[in-house]
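The values are calculated or read from the model by the stated rules, or taken from the named source; none is laboratory data. Note that the structure is predicted; figures quoted are calculated from it, not measured. Neighbour counts are summed over all protein chains in view; Cβ atoms, including those assigned to glycine, are modelled from backbone coordinates with ideal geometry. The accessibility values were calculated without ligands, DNA or RNA, using every heavy atom of the protein model including side chains. Shrake-Rupley method; radii C 1.70, N 1.55, O 1.52, S 1.80 Å.
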There are 2 protein chains.
Amino acid sequence: MVDVVIIGTMALDSVKTPFGDKKDILGGAATYASFAASFFSQPGIVAVVGDDFPEAHMNLLIDRKINLEGVKKEGKTFRWSGSYEYDMNEAKTLRTELNALETFNPILPDEYKDAEFVFLANIDPSLQLKVLDQIKNPKLVAMDTMNFWIEHKKDDLLNVLKKVDVILLNDAEARQLFNTTNLVKAARAALKLGPKTVIIKKGEHGALMFTNEKHFNAPGYPLEDVKDPTGAGDSFAGAFIGYLAQTKDTSETNMRKAVIFGSVIASFNAEDFSLERMKKLTDKDIEKRFEEMKNIREF
Amino acid sequence: MVDVVIIGTMALDSVKTPFGDKKDILGGAATYASFAASFFSQPGIVAVVGDDFPEAHMNLLIDRKINLEGVKKEGKTFRWSGSYEYDMNEAKTLRTELNALETFNPILPDEYKDAEFVFLANIDPSLQLKVLDQIKNPKLVAMDTMNFWIEHKKDDLLNVLKKVDVILLNDAEARQLFNTTNLVKAARAALKLGPKTVIIKKGEHGALMFTNEKHFNAPGYPLEDVKDPTGAGDSFAGAFIGYLAQTKDTSETNMRKAVIFGSVIASFNAEDFSLERMKKLTDKDIEKRFEEMKNIREF
């Protein structure tokens, strides 16, 4: 059974932060998001990898019961390399090799088509749309994107935006897409274009969730050591939709909890490179940090 | 009666933001802080103004029952002019005229000396120390500072730091003073130097409070229109210490509430230039926004 369909990249990343320099490590938005979602539900990935994609990476995902029927194998794996400066706030993309992504035409396995929850992770918006069109009757669709698509495929992006229930953006993307420095204004603008819920991820500063009637402010977990923020936003979104799929409750109140689980998983993810920290994560770790998140915002 | 002594500047500011350009308006750290504190308690100011300081400004403070016995009149008023770029995050100082501040020697009126709460607002740390030395038996001393003193009077600043219970800094100052981009690390470093409580103000992103045992994350109020952030940090601190003085409760739990009142008053203050918004503020407005702050945090 697949209850969350996730389309996005599966990648081999090369990442440099002040705490290390890693080559060809497991990465990609769909990888991070599905791994995070797997703590709560049964995700299935739609993606493409090349023959150079290590079997061990596939097995890591299979061990978490992530469905890989929708992962096509052809050509060469998408590669991204980036670096973070001392303040770790924003990745500087050094190089992107699209490879197999250039010709990728996502075809969904039948068992994916009945999924009630869909996460369109960061990838070309025209691919997001192709996947969404194959889902029969989604209960909730969430999307993410990145500055590259805002700059180069804004029309396609706005087309997807019209069809989703939830958009997740980071603060810089929200400012860029809606041409305002004020995040409240950016969220209001997003709400006018289709989504009923807008989530703005602010890294160490937590996250904001806006609906037309309500505002929710999620604290950031106070991390003393951030080793690598790569994939934090994807993990956030994966845990968010995974929790919603688990509870089958898409009320604003339950989405607040989902946002907190998103922050929790994202904070763990930033503690190490690639999926190293998430690999070791237990339900108990998650529960404990969720309780801490309650405590740090109590007044 | 004076229950909170506040030393800091009283100033005539010239401020330019994307929403206006104002000349010689009422400003200064002690002005903002005492006005904010006056919603909760009876502050007394220690400051100096010149003969050019309009009587109307003094009356505005007197109307709020702020004690001005400690305000000396000589020479010419301190002037600051600054501007904010489109993102409104940081003031760019264009010009500072110290004027009467250059020779200011603060002497406390007797009725100030028994005050239990002291706020050393942003001013030369050697003046902060002179005031603190005249307070007989303070229950809680809080201090603020700014980048200028971190750069030019760091030793004096660290001397004051040793003697206070609470330090309030904005995020940029915390990073600068402790030479780290990580705010958790900065707070841990500050806690080692004397204060039992460290509060880091993050503007729109809210505030963090650290003690050795606990961490509190206060949300930022979602303001759609920020007209002028000048004095937001001072208002925050004034409301914080004012609420503590009113309740006479310096427990960590009560400080969390004080931080929220700080955020509430600071958010109002940013809605207009100078003290324009605070002038019209009612207890009901404050109570309402305090309740909103609870609601945006609930999960």
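Things to note:
- Residue match in region B:275-282 (condition: more than 23 Å from B:PRO138 (Cβ to Cβ), open to solvent by less than 50 Å² (accessible area, probe 1.4 Å), away from chain A (no Cβ under 14 Å) and of a type in the set (S, T, N, Q)): no
- Number of the condition not met by A:LYS23 [criteria: (1) touching a strand residue (DSSP E or B) at 6+ places or on another chain (Cβ under 8 Å); (2) buried (at least 24 other Cβ atoms within 10 Å of the Cβ)]: (2)
- Checking B:ALA190, B:ALA245 one by one, the residue that is among the small types (Gly, Ala, Ser), under 16 Å from B:ASP171 (Cα atoms) and in contact with a Phe, Trp or Tyr (Cβ under 9 Å, 6 or more places away or on another chain) is B:ALA190 and no other.
- Residues being open to solvent by less than 10 Å² (accessible area, probe 1.4 Å) and either more than 21 Å from A:ASP133 (Cβ to Cβ) or more than 18 Å from the chain's Cα centre (by Cα) (or both) - total across region A:1-11: 2
- Matching residues, region B:201-216, being at the interface with another protein chain (Cβ under 9 Å from one of its Cβ atoms) and out of contact with any Phe, Trp or Tyr (no Cβ under 9 Å at 6 or more places or on another chain): B:LYS202, B:HIS205, B:LYS214, B:HIS215
- Exclusive hit being surrounded by 24 or more Cβ atoms within 10 Å (Cβ to Cβ), touching a helix residue (DSSP H, G or I) at 6+ places or on another chain (Cβ under 9 Å) and in contact (Cβ under 8 Å) with a residue 12 or more places away in the chain, set B:ILE265, B:ILE286: B:ILE265
- Qualifying positions in region B:272-299 - of a type in the set (A, V, I, L, M, F, W, C) and closer than 30 Å to A:PHE240 by Cβ: B:PHE290, B:MET293, B:ILE296, B:PHE299
- So A:THR250, is it part of a loop (DSSP other than H, G, I, E, B), away from every other protein chain (no Cβ under 14 Å), within 15 Å of A:ALA36 (Cβ to Cβ) and among the β-branched types (Val, Ile, Thr): no
- Yes/no for B:ILE45 being over 17 Å from the mean Cα position of the chain (by Cα) and at pLDDT 95 or above: no
- Among (1) aromatic (Phe, Trp, Tyr); (2) in contact with a helix residue (DSSP H, G or I) (Cβ under 7 Å, 6 or more places away or on another chain); (3) closer than 29 Å to A:PHE19 by Cβ - the single one A:TYR243 does not satisfy: (3)
- Filtered by the rule that a residue be closer than 14 Å to B:TRP80 by Cβ and of a type in the set (D, E, K, R), region B:93-123 gives B:ARG95, B:GLU97.
- Comparison of A:GLY238, A:GLY233 shows that the only residue that is touching a Leu at 6+ places or on another chain (Cβ under 9 Å) and either modelled with pLDDT under 95 or part of a helix (DSSP H, G or I) (or both) is A:GLY233.
- Among the residues of region A:197-230, those that are among the β-branched types (Val, Ile, Thr) and either more than 19 Å from A:VAL164 (Cα to Cα) or part of a strand (DSSP E or B) (or both) comprise A:THR197, A:VAL198, A:ILE199, A:ILE200, A:VAL226, A:THR230.
- The residue that is farthest from the other protein chains (Cβ to nearest Cβ), counting only those in region A:219-230 that are open to solvent by 10 Å² or more (accessible area, probe 1.4 Å) and in contact (Cβ under 8 Å) with a residue 40 or more places away in the chain, is A:THR230.
- Qualifying residue in region A:236-246 (condition: open to solvent by 10 Å² or more (accessible area, probe 1.4 Å), within 12 Å of chain B (Cβ to nearest Cβ) and more than 20 Å from A:ILE296 (Cα to Cα)): yes
- Which listed residue, of B:PHE216, B:PHE210, is without any contact (Cβ under 8 Å) to a residue 40 or more places away in the chain and among the aromatic types (Phe, Trp, Tyr): B:PHE210
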